[in-house]
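Asks: Structure below; questions to follow.
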């Protein structure tokens, strides 16, 4: 089967129906609560906003669905100067799958020249090389006491903050209560969003709607609602899910938001450049999803219930995320992924060469590494996909181990 046919089958059978069900829930909740404004946050909200507008049109609903350019990077950078020093450090030096000095310094909004100067001063030759735990501790300790680095981060933050407020006011963010919709995971976007708006004098209500959340939420930053799972609900659904693959399903055809600038009396986003290879896949995916929406998508809310919707999604998610076909692997093996707000590196989502890393990811190996510091492993963004490259007996072994790990992690988080 050609890649175009594989893409069409994958989108029409899995991606399209999953995204439509999730968006139906957001619109139904907005209608039920009488809220007339939804901000779909970039970049994961790009397709969701498209779908939401079609659902509203299909059901004659007067709901203002807006796409808001922002990112974890832009919101965090804009908030550094309003945070306590330790809170700022927690964001600057947060963990990631591939934590290099480039990643850390880009989070502070530094220029390439400034990044190279700091790398030289820190004695780091390869900016993009993944830092070991010891090297990361050494680097962060020095940066925390480096007043030049701190001053630059704070200066960049203040500049980004002012333009962020102008953009938000232009998009009517300060006018009444509203919903923000995103993919989810830990609620950091809403936290940063809320802090910025509160600091600027906003006193309305923010309701966050997410596909899923892995951690507890804080009511100080508004209300949080989940469609598919939360930290203490939907354990079975959570185990049979991969958030990285879901983010690929939501890909937008533009780079991450770095900040904002004024052009002809209007504030517009500053977007990071993306590779042409990535856009080729994304544009094909967007085209097929829009084709699905105009052909056989069920956009009617008349018989919508959350229970039925989740059940429908569970079957499709289990099939495409945990038990993918060889055709699906062929399609998705071309994709590289980044899990960091800086978006400054790319690692394959699934590749046959990564199967050698699976052994290092077994529960017993991870326990040994945690207790004794034994072994080192490459981050795997879609373990279930990589497992599919193995022979069937080994697929069963590694998939069972992955289920067990997800179960234990969820239980531990639930009782923390």
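Asks: Report yes if some residue within the stretch 333-351 is in a helix (DSSP H, G or I), touching a helix residue (DSSP H, G or I) at 6+ places or on another chain (Cβ under 8 Å), outside the structural domain of residue 384 (by TED's automatic domain parsing) and touching a residue at least 24 places away in the same chain (Cβ under 8 Å); otherwise report no.
Replies: So far as the stretch 333-351 goes, no, none of its residues is in a helix (DSSP H, G or I), touching a helix residue (DSSP H, G or I) at 6+ places or on another chain (Cβ under 8 Å), outside the structural domain of residue 384 (by TED's automatic domain parsing) and touching a residue at least 24 places away in the same chain (Cβ under 8 Å).
Asks: Something else: Could you list, in sequence order, all residues of the stretch 198-223 that are part of a helix (DSSP H, G or I) and modelled with pLDDT under 90? Full working, then the answer.
Replies: Filtering the stretch 198-223 for residues part of a helix (DSSP H, G or I) gives 198-199, 219-221.
Answer for the stretch 198-223, where residues must be part of a helix (DSSP H, G or I) and modelled with pLDDT under 90: 219, 220.
Asks: Checking the condition outside any loop (DSSP other than H, G, I, E, B) and at pLDDT below 90, which residue from 139, 160, 148, 124 passes?
Replies: 139
Asks: Okay, moving on. When you check residue 214 against the structure, is it in contact with a strand residue (DSSP E or B) (Cβ under 6 Å, 6 or more places away or on another chain) and closer than 21 Å to residue 312 by Cβ, yes or no?
Replies: Details: in contact with a strand residue (DSSP E or B) (Cβ under 6 Å, 6 or more places away or on another chain): yes; closer than 21 Å to residue 312 by Cβ: no.
Taking the combined requirement at face value, the residue does not satisfy it.
Asks: Among (1) within 25 Å of residue 378 (Cβ to Cβ); (2) out of contact with any strand residue (DSSP E or B) (no Cβ under 8 Å at 6 or more places or on another chain); (3) in contact (Cβ under 8 Å) with a residue 24 or more places away in the chain; (4) not in a helix (DSSP H, G or I), where does residue 102 come up short?
Replies: (4)
Asks: Oh, and also: For the stretch 1-76, give me every one of the helices (runs of 4 or more DSSP H) that falls completely inside it and has 3 or more residues that are within 21 Å of the chain's Cα centre (by Cα), closer than 26 Å to residue 308 by Cα and in contact (Cβ under 8 Å) with a residue 40 or more places away in the chain. Spell out how you get there, then give the answer.
Replies: Details: elements: 3-10, 16-33, 46-58.
Answer list for the stretch 1-76: 16-33, 46-58.
Asks: Let me ask something additional. Suppose we keep only residues that are in a loop (DSSP other than H, G, I, E, B) and in contact (Cβ under 8 Å) with a residue 60 or more places away in the chain within the stretch 249-268. Which one would you say is nearest to residue 23 (Cα to Cα)?
Replies: Looking only at the stretch 249-268, we keep the residues that are in a loop (DSSP other than H, G, I, E, B), and these are 250-256, 264-265.
Then keep just the ones that are in contact (Cβ under 8 Å) with a residue 60 or more places away in the chain; that gives 250-256.
Working: 250: 12, 251: 15, 252: 16, 253: 19, 254: 21, 255: 23, 256: 22 Å.
Result: 250.
For (1) in contact with a helix residue (DSSP H, G or I) (Cβ under 9 Å, 6 or more places away or on another chain); (2) assigned by TED's automatic domain parsing to the domain that holds residue 89; (3) buried (at least 16 other Cβ atoms within 10 Å of the Cβ); (4) touching a residue at least 12 places away in the same chain (Cβ under 8 Å), each residue gets a yes or a no:
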residue	(1), (2), (3), (4)
108	yes, yes, yes, yes
128	yes, yes, no, yes
133	no, yes, no, no
148	yes, yes, no, no
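Asks: Just the residues that are outside any helix (DSSP H, G or I), in contact with a strand residue (DSSP E or B) (Cβ under 9 Å, 6 or more places away or on another chain) and at pLDDT 85 or above, please, taken from the stretch 271-308.
Replies: Correct list: 271, 272.
Asks: For the stretch 374-382, indicate whether the set of residues that are part of a helix (DSSP H, G or I), in the same structural domain as residue 354 (by TED's automatic domain parsing) and modelled with pLDDT under 95 is non-empty.
Replies: For the stretch 374-382, residues part of a helix (DSSP H, G or I), in the same structural domain as residue 354 (by TED's automatic domain parsing) and modelled with pLDDT under 95: absent.
Asks: Next question. Could you identify the single residue in 319, 308 that is surrounded by fewer than 16 Cβ atoms within 10 Å (Cβ to Cβ) and over 25 Å from the mean Cα position of the chain (by Cα)?
Replies: Selected residue: 308, the only one of 319, 308 that is surrounded by fewer than 16 Cβ atoms within 10 Å (Cβ to Cβ) and over 25 Å from the mean Cα position of the chain (by Cα).
Asks: Considering each of 18, 6, 82 in turn, give the residue that is at pLDDT 95 or above and touching a helix residue (DSSP H, G or I) at 6+ places or on another chain (Cβ under 8 Å). Talk me through it step by step, then tell me what you get.
Replies: Working: 6 fails: at pLDDT 95 or above; 82 fails: at pLDDT 95 or above.
Checking each option against the conditions leaves just 18.
Asks: Tally the residues that are in contact with a helix residue (DSSP H, G or I) (Cβ under 9 Å, 6 or more places away or on another chain), assigned to a helix (DSSP H, G or I) and surrounded by fewer than 21 Cβ atoms within 10 Å (Cβ to Cβ), restricting the search to the stretch 166-190.
Replies: Selection size over the stretch 166-190: 1.
The values are calculated or read from the model by the stated rules, or taken from the named source; none is laboratory data. As the structure is a prediction and not an experimental result, all values here were calculated from the model. A quick note on method: Cβ atoms are made from the backbone with ideal geometry, for glycine too, and the neighbour counts reach across all protein chains shown.
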